[in-house]
Amino acid sequence: MRFARALGSAGALAAALLLLTSCNLLALNRDLRAGAAAGGVTGKVLHQESDAATIVVFALREEADGWVADKYVHLATQQDFLMRLDAGQRYVIGAFADRNDDLRLDDDEPAVIASKPVTVAQGWEGVTKIDIALAPADRLDRSMVQALQRLDNVQLRPLPVWTGAVTDLDDERFSRESGSMGLWRPFEFLVNVGIGVFFLEPYDPAKIPVLFVSGAGGNPWEWRAMIAALDRTRYQPWMFVYPSGQRLASSAAVLDRCVVALHREYGFKSLVVTAHSMGGLVARDFIQRNASSPDNRYLPVFVSLVTPWGGHRAARIGVERSPAVVPSWIDMQVDSEFQQAIFARPLPATTAYYLLWAQTDPAQPVERATDGTVSVSSQLQSDAVRDAKEVLGFTENHTSVLRSPAVIATYLRILGTSPKAAPPK
């Protein structure tokens, strides 16, 4: 009860996110244990195959009587992969071109293994990164070839990574229930829903992509009013779907890999980033990561709505007192290491940032004003304001900003008056 009383004094976010029912607590504990027992490897396969769908990435485990094929996945993009493995196990990671799609390594199919075996770290914070170069003349020794003859008997356990799958807002992966799973059971979400960028229409090179990033427990359906207001002759909406309960840096890193892969495939000239609440923290980290890529001038506009740039003190109460801790709460604490890291450097000069904030009662002084969930002082954190081209306030609550006519009109004005966001010629 002492935990519940403390949360009650911390505001609406405490009531909405941190008040653990017994069912949520049990589910969260199970999910945390499952996530801790798993780990993985991620990376690229640099290959010369005309069809990336033929590439199989595999994990071999050495036992007393030889090599055993343990896991496999196909590429998520032209080069990228993410494979779920068992924490603490030692693996040899490799790839081959399954040109006849029979899940067996044939004599005329190239195959290679990474130069060093890996021991998988516990959890997803220390995911191992491996790049593999697969040349047409590469072959494996006979013992490994034999292990890969039995790959079709191995259970495929991928973590779905979506890079441009086309769907609509009625997709069940976009539901409120799915968003809740992503917060309270992030590992279950990763396994069953996945993570990545969805398109709401086939890619059109004549239209500017607009990437929407939801907040804690959020879902793409919440953006429907803004999406409906977009000029769909100029803009195409993209949705970043992720488990909002996982550490924010992990989500930002995957978003960066997805966007880089999509840019490599489509070569778009501009991508507008729009984020709500905690999604703004993820988006800022992504934009800063993307700034280090070779071609990083395609993010001209970043708009955040009611983002808790200064964190939320209810998150610290949750971390300190809850029997089970949602991992993203760690990053949502006031002045967390994550927040310090994303404000240690400014946004790229090529990205115009617009900070939209809200309060429910304009008569309240700034130190007491909130949008019903996030304090105005957190929304107007000094470093975030420093980086903003415009700071725009509204009388709305934390969720009504996504459907407010005044907010939407301002958002469309930002898109329409941003010269760098003009359609490609």
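Matching residues to (1) out of contact with any strand residue (DSSP E or B) (no Cβ under 6 Å at 6 or more places or on another chain); (2) more than 21 Å from H312 (Cβ to Cβ); (3) surrounded by fewer than 21 Cβ atoms within 10 Å (Cβ to Cβ); (4) among the hydroxyl-bearing types (S, T, Y):
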{"position": "E337", "(1), (2), (3), (4)": "yes, no, yes, no"}
{"position": "I342", "(1), (2), (3), (4)": "yes, no, no, no"}
{"position": "R345", "(1), (2), (3), (4)": "yes, yes, yes, no"}
{"position": "Q359", "(1), (2), (3), (4)": "yes, no, no, no"}
{"position": "P362", "(1), (2), (3), (4)": "no, yes, yes, no"}
{"position": "V366", "(1), (2), (3), (4)": "yes, no, yes, no"}
{"position": "G372", "(1), (2), (3), (4)": "yes, no, yes, no"}
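Among the candidates A165, A147, A133, A114, which residue alone is open to solvent by 60 Å² or more (accessible area, probe 1.4 Å) and either in contact (Cβ under 8 Å) with a residue 12 or more places away in the chain or closer than 30 Å to F338 by Cα (or both)? Walk me through it before giving the result.
Numbers: A165 fails: open to solvent by 60 Å² or more (accessible area, probe 1.4 Å); A147 fails: open to solvent by 60 Å² or more (accessible area, probe 1.4 Å); A114 fails: open to solvent by 60 Å² or more (accessible area, probe 1.4 Å).
Every option except A133 fails the conditions.
For region 402-419, the candidate set comprises residues that are surrounded by fewer than 14 Cβ atoms within 10 Å (Cβ to Cβ) and not charged (D, E, K, R); within that set, the residue that is modelled with the lowest pLDDT is P419.
Here is a yes/no grid of residues against (1) at pLDDT below 90; (2) within 28 Å of D331 (Cα to Cα); (3) aliphatic (A, V, I, L, M):
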residue: A133; (1), (2), (3): no, no, yes
residue: R139; (1), (2), (3): no, no, no
residue: V154; (1), (2), (3): yes, no, yes
residue: M181; (1), (2), (3): no, yes, yes
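Looking only at region 305-328, filter to residues that are assigned to a helix (DSSP H, G or I) and open to solvent by 10 Å² or more (accessible area, probe 1.4 Å); which one of those is farthest from R33 (Cα to Cα)? Spell out the reasoning first.
Quick first cut of region 305-328, residues assigned to a helix (DSSP H, G or I) only: 313-321, 327-328.
Those left that are additionally open to solvent by 10 Å² or more (accessible area, probe 1.4 Å): 313, 316-317, 319-321, 327.
Values: R313: 26, R316: 22, I317: 22, V319: 17, E320: 19, R321: 19, P327: 12 Å.
Ranking the qualifying residues of region 305-328, first place goes to R313.
Go through region 56-72 and give me each residue that's surrounded by fewer than 22 Cβ atoms within 10 Å (Cβ to Cβ) and either in contact (Cβ under 8 Å) with a residue 60 or more places away in the chain or acidic (D, E) (or both). E62, E63, D65, G66, W67, V68, A69, D70, listed by residue number. With respect to the conditions (1) of a type in the set (D, E); (2) at pLDDT 90 or above; (3) part of a strand (DSSP E or B), D70 lacks only one, and its number is (2). Could you please let me know if D285 is under 30 Å from A165 (Cβ atoms) and open to solvent by 20 Å² or more (accessible area, probe 1.4 Å)? No. Look through region 184-214, keep the residues that are assigned to a helix (DSSP H, G or I) and out of contact with any helix residue (DSSP H, G or I) (no Cβ under 7 Å at 6 or more places or on another chain), and return whichever of them is surrounded by the fewest Cβ atoms within 10 Å (Cβ to Cβ). Across region 184-214, the extreme among qualifying residues is N192. With respect to (1) within 24 Å of Q79 (Cβ to Cβ); (2) within 18 Å of the chain's Cα centre (by Cα); (3) outside any strand (DSSP E or B); (4) not hydroxyl-bearing (S, T, Y), the lone exception for K269 is condition (2). Does R264 count as surrounded by fewer than 20 Cβ atoms within 10 Å (Cβ to Cβ) and under 24 Å from Q78 (Cα atoms)? Criteria met by R264. Taking the conditions (1) outside any strand (DSSP E or B); (2) at pLDDT 85 or above; (3) surrounded by fewer than 14 Cβ atoms within 10 Å (Cβ to Cβ); (4) aliphatic (A, V, I, L, M) in turn, L103 satisfies each one other than (3).
Filtering region 215-259 to residues that are of a type outside the set (D, E, K, R), open to solvent by 20 Å² or more (accessible area, probe 1.4 Å) and in contact with an Asp or Glu (Cβ under 9 Å, 6 or more places away or on another chain) leaves W221, A249, S250, A253.
Taken over region 46-55, the criterion of being among the aliphatic types (A, V, I, L, M) and open to solvent by 50 Å² or more (accessible area, probe 1.4 Å) is satisfied by L46, A53. List, please: which pairs have Cβ atoms under 6 Å, are six or more places apart or on different chains, and start with a residue in region 195-207 that is among the small types (G, A, S) and end with one that is open to solvent by 50 Å² or more (accessible area, probe 1.4 Å)? Final answer for the pair search is G196/W162. Screening A422, A352, A384 for residues that are at pLDDT below 95 and open to solvent by less than 50 Å² (accessible area, probe 1.4 Å) leaves exactly one candidate, A422.
Of note, A253 satisfies the criterion of being farther than 20 Å from W184 by Cα and either at pLDDT 95 or above or outside any loop (DSSP other than H, G, I, E, B) (or both).
The values are calculated or read from the model by the stated rules, or taken from the named source; none is laboratory data. Source: prediction; values computed, not measured. Here the Cβ is made from the backbone with ideal geometry for all residues, glycine too, and neighbour counts use every protein chain on show. Heavy atoms of the whole protein, side chains included, go into the accessibility calculation; ligands, DNA and RNA do not. Shrake-Rupley method; radii C 1.70, N 1.55, O 1.52, S 1.80 Å.
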